[in-house]
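The values are calculated or read from the model by the stated rules, or taken from the named source; none is laboratory data. Quantities reported herein were computed from a predicted structural model and do not represent experimental measurements. Don't worry about glycine lacking a Cβ; one is built from the backbone with ideal geometry, like all the others, and counts go over all protein chains shown.
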Amino acid sequence: MEHLIDPFARPISYLRVSVTDRCDFRCTYCMAEHMQFLPKKDLLTLEELDRMCSTFIGLGVEKLRITGGEPLVRRDILTFFRAMSRHLESGALKELTLTTNGSQLARFAGDLAAAGVRRVNVSLDTLDADKFAAITRWGRLPQVLEGIRAATAVGLKVKINAVALKGFNEEELFRLVDWCGGEGHELTFIEVMPMGEMGEELRLDQYWPLKDLRARLAERFTLVDLAERSGGPARYVRLKETGQKIGFITPLTHNFCESCNRVRLTCTGELYMCLGQEDMADLRAPLRASPDDAVLEAAIRAAIARKPKGHDFDYSRQRVAGQMTRHMSHTGG
Ligand code: SAM
Ligand code: SF4
């Protein structure tokens, strides 16, 4: 089977799948407090998700990241993880992983590890319990810390993702770095992106460019640039003094699209070829139209043939350009 290659000769080997739009948190930069969620019938069933992901894997996808919403609040999600582990066993899939807010990790960590998950990304913007409750609205820090401990205890590598938020976790920069260093977690900072319908003013107020964060970091540490690339927007440094690895995801301060290897599937079967563009392909219709995977495969190939060169996010000149009206929880971040 010929593998997926886009019009700019980029092999598509990484699929991120949002398995639900629901979440037990309401992070202010991600969701409105009162969200209208999708009717259940619009969601791909777990069997359909399996068929969809297996088709992509057949077309050369080697890395699957499960996200949401909060993936671990989807009912019976372990069934899906266990089903995907057959592709790990066959060698077709190199990595099965997830991005989670950590709230349910204490319950699921052991089963995830047993299904072949080796690494998990946990989103954590602050180590201050009050601030954590404020930014997530419904989240509680001790529950997440317990989840992280449980994951570590069963041997999962935990990477912490923190959204850099001006005036919010600026003064916690070193605390986060020190905590991750002590616990042995990699840490990646993400620039806040213009997703959802949050007011333009608030979004710009929150924006803490990672070049500024990096400069702050360099006041205390020697930053050694690493050549390592994951095909995505992350750039890494090593802190010479501690040996820790720190990542920066900077969709806004520089463009990372030339090596983009990924596409995103929503829980309703829409394929977004770029996080920063509105264009998408409905894969649910071809999936449901025929039990023959050839129909779905043709739809996937046609979608990949439309993958754009890059996104248009831009905060320069003090305005938000390239604003996406959909929420991050829709495409899974
Ligand atoms: N619920 C899971 C979690 O929080 O990890 C997975 C889904 S969440 C949408 C994925 C990632 O997107 C999280 O790390 C979150 O911090 C990030 N995110 C959400 N909205 C964002 C925004 N507007 N800008 C930048 N990152 C955002
Ligand atoms: Fe939920 Fe993750 Fe969005 Fe927070 S960032 S509201 S945890 S989906």
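Being modelled with pLDDT of 95 or more, surrounded by fewer than 19 Cβ atoms within 10 Å (Cβ to Cβ) and within 18 Å of the chain's Cα centre (by Cα) is the requirement here; does ARG119 meet it?
Here the answer is yes, as ARG119 does meet what is asked.
Please determine whether any residue of the stretch 138-158 is in contact (Cβ under 8 Å) with a residue 60 or more places away in the chain, farther than 25 Å from ARG214 by Cα and within 16 Å of ligand 1 (Cβ to nearest atom).
Within the stretch 138-158, one or more residues are in contact (Cβ under 8 Å) with a residue 60 or more places away in the chain, farther than 25 Å from ARG214 by Cα and within 16 Å of ligand 1 (Cβ to nearest atom).
Restricting attention to the stretch 63-87, the residues that are part of a helix (DSSP H, G or I) and either surrounded by fewer than 21 Cβ atoms within 10 Å (Cβ to Cβ) or more than 13 Å from ligand 2 (Cβ to nearest atom) (or both) total 12. Name the residues in the stretch 132-153 that are outside any helix (DSSP H, G or I) and either surrounded by 16 or more Cβ atoms within 10 Å (Cβ to Cβ) or basic (Lys, Arg) (or both), would you? Once the filter is applied, which keeps residues that are outside any helix (DSSP H, G or I) and either surrounded by 16 or more Cβ atoms within 10 Å (Cβ to Cβ) or basic (Lys, Arg) (or both), the stretch 132-153 yields ARG137, GLY139, ARG140.
Please specify each residue of the stretch 161-174 satisfying the condition of being of a type outside the set (Asp, Glu) and either farther than 19 Å from ASN121 by Cα or outside any helix (DSSP H, G or I) (or both).
ASN161, ALA162, VAL163, ALA164, LEU165, LYS166, GLY167, PHE168, ASN169, PHE174
Residues that are closer than 23 Å to SER259 by Cβ and in contact with a Pro (Cβ under 7 Å, 6 or more places away or on another chain) were ranked within the stretch 283-310; the one that is surrounded by the fewest Cβ atoms within 10 Å (Cβ to Cβ) is ALA305.
The residues of the stretch 1-34 that are out of contact with any helix residue (DSSP H, G or I) (no Cβ under 8 Å at 6 or more places or on another chain), part of a loop (DSSP other than H, G, I, E, B) and within 16 Å of ligand 1 (Cβ to nearest atom), listed by number, are ALA32, GLU33.
Taking the stretch 88-107 on its own, how many of its residues are in contact with a strand residue (DSSP E or B) (Cβ under 8 Å, 6 or more places away or on another chain) and either part of a loop (DSSP other than H, G, I, E, B) or away from ligand 1 (no atom under 12 Å from the Cβ) (or both)? Matching residues across the stretch 88-107 total 7. Scanning the stretch 191-225 for residues that are modelled with pLDDT of 95 or more and hydrophobic (A, V, I, L, M, F, W, C), which turns out nearest to PHE174 (Cα to Cα)? My answer is LEU217.
Taking the stretch 35-74 only, how many residues are among the polar types (S, T, N, Q), out of contact with any helix residue (DSSP H, G or I) (no Cβ under 6 Å at 6 or more places or on another chain) and either under 23 Å from ARG118 (Cα atoms) or within 16 Å of ligand 1 (Cβ to nearest atom) (or both)?
Here the count works out to 2.
Within the stretch 1-47, which residues are among the hydroxyl-bearing types (Ser, Thr, Tyr), within 20 Å of the chain's Cα centre (by Cα) and away from ligand 2 (no atom under 14 Å from the Cβ)? Residues satisfying the conditions are SER13, TYR14. If we only count helices (runs of 4 or more DSSP H) wholly inside the stretch 247-333, which ones have 3 or more residues that are modelled with pLDDT under 80? Per the criteria, 328-331. Contact map, the stretch 18-46: first residue in contact (Cβ under 8 Å) with a residue 40 or more places away in the chain, second residue more than 10 Å from ligand 2 (Cβ to nearest atom) and of a type in the set (Ser, Thr, Tyr), Cβ cut-off under 7 Å, separation 6 or more or different chains; pairs are SER18/THR266; SER18/THR331; LEU38/THR268; ASP42/THR268; LEU43/THR268; LEU44/THR268.
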